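A quick write-up on the structure given underneath.
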Amino acid sequence: MSSPAAPALQIQQPVTTSSRRPALILLAIIFAAVYLGSVFSPPLLDDADSTHAEAAREMLARGDYVTLHVNGIRYLEKAPLPYWLVAGSYRLFGVNEFAARLPTALAVLLLAWLGMAWGERAFGERTGIYAGLFVLTSAGVYLFTRIFIPDVLLSLLIAASLYFLLTALELRPAAWRWYAGYACVALAVLAKGLVALVFVGMPALIYLAITGEWRRWREVRLLSGLALFFAIAAPWHILAGLRNHGFFWFYFVNEHFLRFLGERYPKDYNKLPAALYWSLHLVWLFPWSFYLPSLVRNAVRDVKDRSAGAEDTRQRFAARTRLLCWIWAGLVLLFFAISTNQEYYTFPAYLPLLLLLADAVARDERQENGRGWLIGSSAAIALVSLVAGAALLAGLWYSRHLPYAPDIGAVLAKHNMAADTLSMSHALDLSAESFAALRLPAILAVLALVFTPLLSLGLRLRRRSYPATWALAAGMALLLFAAHIALGRFGPYMSSKALAQRIAAQEKPGDEVMIYGDQAFGSSLLFYLQRPIRLVNGRTTSMWFGSTFPDVPKIFLDDNDLLREWNGSGRVFLFVPGYEKARVDALLPQKHVVAEVSGKFVYSNRF
């Protein structure tokens, strides 16, 4: 236990590599290839991606930075910081996909940089490089930054706040670190709400209680720090409450507490089965999650060493970083195991877990008795990768005589997307025939899965640990690059940009554009047409609360309203998702098909 009079700690610097500059260059190349290359394509996807991008566009167009709007309807369920950042990006670069995605890509870069800086300070240069490398090449970090959601920004701000907490306790001078931590917590609240207080406050309190640092409470500048916190976080909440009747109930009670309990209205979130919830983290942190045995082994050894009094002053920051990361990651995972959840909700646990894994790998690389654990994990990665590569090869072989499908949606299986709100549910639509449209990314993925894990294993067997880790990371970067190409092929299926372009090419002043059903299934029309769209039977999900205000625009229609408009004198373009086609066909026997892409249709009442 440290005391208030403990001297400033000099952080131990373990044995370093002689290749820091080349490593930084390689990290920059990986970021550019995997993340910067992804900001330009594919088109914005329907549902959350384009809905959030549209909210930022309407924020800029209206000049209203307090009340979010989507399709002219108040959109009050989200905190504003991500939309402020994207609106600023629009102002600099114009309203386009690049500007919408750039803040997310930069957040990934900063998260990797923070992991690298923290890992180097706590554990040494090699661990720092590995921490940044693991962030940039983990499957979940890539997958859950393909859409405009705030979770990577939230994770960055939570991590920065806890980093400032730990360094304020260990290093001098500390005052600015405390205030930086309070500012980061406030920004995290503006990124995704009160959950940020839980994911900073609870790990901090548990850490302080375990280490005995709570005795230094006078140093934390509580009053001035809280004043800074409220100065940053409170104004938007107060203004939003004053401008929007019912905001406090809807935002704090419905969107926070009732969502946690699974009672949020309207209910549009699922909860993963427990076994799937926990096991999927092996996928989200792949391939580095397979080094979990080394992490557990080192953790058990650390506990034994601590109980034997083996910890010394030089190792304190490293030991306390490990302790904080375990508490932090564990609390996030347990929180969402209880709450309603989607796959990406546990994103704030990724950095502490990757820091711990980077530390475990680097430690075992330096120790002779750790080689066997690394070789075993590398062999497991190679085995799983070979199985996945074999499955891809089988798909390629099966589709070798099938024609290339310009529209991949035509050769995908179709499950009930209307009843499925999980973010990764599009994976259920993959079919063998779809490989005819995915040959190039599938071939690249096979190369990444078959050769680089075997190369990494071979290098570990030859005691070349550092190149072995980089070989595996390079293969993962290639795999993510292939995933980006594949995502581009799925663009017409997961986005309605092509249909928006067909409408824009034909519409004239006075024409109406409508979506049949939930707006989420065609929300990219809003972004690309940049005009109000009327909703038939669409007063659902995120449109519900905003539709209760007296100034709501007249965009909500029912079937009778649609029939009246359809048989009127004006031209109507009606977007119809595949799951609503049978109902619309029965309702509107007289219609013209303007466009059809991946099972989504645009009908019109006249040419």
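Brief remarks on what is shown
- Condition check for residue 227: within 24 Å of the chain's Cα centre (by Cα), at pLDDT 95 or above and either assigned to a helix (DSSP H, G or I) or within 30 Å of residue 182 (Cβ to Cβ) (or both): no
- Qualifying residue in the range 23-36 (condition: of a type outside the set (Ser, Thr, Tyr), over 20 Å from residue 156 (Cα atoms) and under 22 Å from the mean Cα position of the chain (by Cα)): yes
- Here is the figure for the range 127-151: residues that are under 28 Å from residue 468 (Cα atoms) and assigned to a helix (DSSP H, G or I) total 16.
- In the range 524-568, the residues that are assigned to a helix (DSSP H, G or I) and over 24 Å from residue 493 (Cβ atoms): 545, 546, 547, 548, 559, 560, 561, 562, 563, 564, 565, 566
Per-residue answers, yes or no, for (1) farther than 15 Å from residue 573 by Cα; (2) surrounded by fewer than 20 Cβ atoms within 10 Å (Cβ to Cβ); (3) at pLDDT below 95; (4) not assigned by TED's automatic domain parsing to the domain that holds residue 69:
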{"residue": "505", "(1), (2), (3), (4)": "no, yes, yes, yes"}
{"residue": "509", "(1), (2), (3), (4)": "no, yes, yes, yes"}
{"residue": "515", "(1), (2), (3), (4)": "no, no, no, yes"}
{"residue": "518", "(1), (2), (3), (4)": "yes, no, yes, yes"}
{"residue": "521", "(1), (2), (3), (4)": "yes, no, yes, yes"}
{"residue": "527", "(1), (2), (3), (4)": "yes, no, no, yes"}
{"residue": "531", "(1), (2), (3), (4)": "no, yes, yes, yes"}
{"residue": "534", "(1), (2), (3), (4)": "no, no, no, yes"}
{"residue": "537", "(1), (2), (3), (4)": "yes, yes, yes, yes"}
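- Apart from one condition, residue 511 fits all of (1) under 34 Å from the mean Cα position of the chain (by Cα); (2) closer than 21 Å to residue 596 by Cα; the exception is (1).
- Taking the criterion of being under 16 Å from residue 236 (Cβ atoms) and either surrounded by fewer than 24 Cβ atoms within 10 Å (Cβ to Cβ) or in contact with a Gly (Cβ under 7 Å, 6 or more places away or on another chain) (or both), the residues of the range 193-210 that qualify are 193, 194, 197.
- Of the helices (runs of 4 or more DSSP H) contained entirely in the range 407-503, those carrying at least 1 residues that are touching a Ser or Thr at 6+ places or on another chain (Cβ under 8 Å) and modelled with pLDDT of 95 or more fall at 439-461, 465-489.
- Residue check, residue 315 more than 21 Å from residue 366 (Cα to Cα) and at pLDDT below 90: no
- Test: residue in the range 587-601 that is surrounded by 16 or more Cβ atoms within 10 Å (Cβ to Cβ), closer than 23 Å to residue 46 by Cβ, at pLDDT below 90 and of a type in the set (S, T, N, Q): yes
- Selection from the range 317-342 of residues that are touching a residue at least 40 places away in the same chain (Cβ under 8 Å) and aromatic (Phe, Trp, Tyr): 317, 328, 335, 336
- Picking from residues in the range 480-503 that are more than 16 Å from residue 527 (Cβ to Cβ) and free of Cβ contacts under 8 Å to residues at least 60 places away in the same chain, the one that is surrounded by the most Cβ atoms within 10 Å (Cβ to Cβ) is 482.
- Of the listed requirements (1) over 17 Å from residue 43 (Cβ atoms); (2) surrounded by fewer than 20 Cβ atoms within 10 Å (Cβ to Cβ), residue 545 misses just one: (2).
Yes/no matrix, rows are residues, columns are (1) assigned by TED's automatic domain parsing to the domain that holds residue 202; (2) buried (at least 21 other Cβ atoms within 10 Å of the Cβ); (3) within 17 Å of residue 140 (Cβ to Cβ); (4) of a type in the set (A, V, I, L, M, F, W, C):
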| position | (1), (2), (3), (4) |
| --- | --- |
| 299 | yes, no, no, yes |
| 315 | yes, no, no, no |
| 320 | yes, yes, no, no |
| 326 | yes, no, no, yes |
| 339 | yes, no, no, no |
| 351 | yes, yes, yes, yes |
| 361 | yes, yes, no, yes |
| 382 | no, yes, no, yes |
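- Check on residue 292, touching a residue at least 24 places away in the same chain (Cβ under 8 Å), over 29 Å from residue 234 (Cβ atoms) and crowded, with 19+ Cβ neighbours inside 10 Å: no
The values are calculated or read from the model by the stated rules, or taken from the named source; none is laboratory data. In this text, all values refer to a predicted model and were calculated from it rather than measured experimentally. Heads up, the Cβs are rebuilt from the backbone with ideal geometry, glycines too, and the neighbour counts pull from every protein chain shown.
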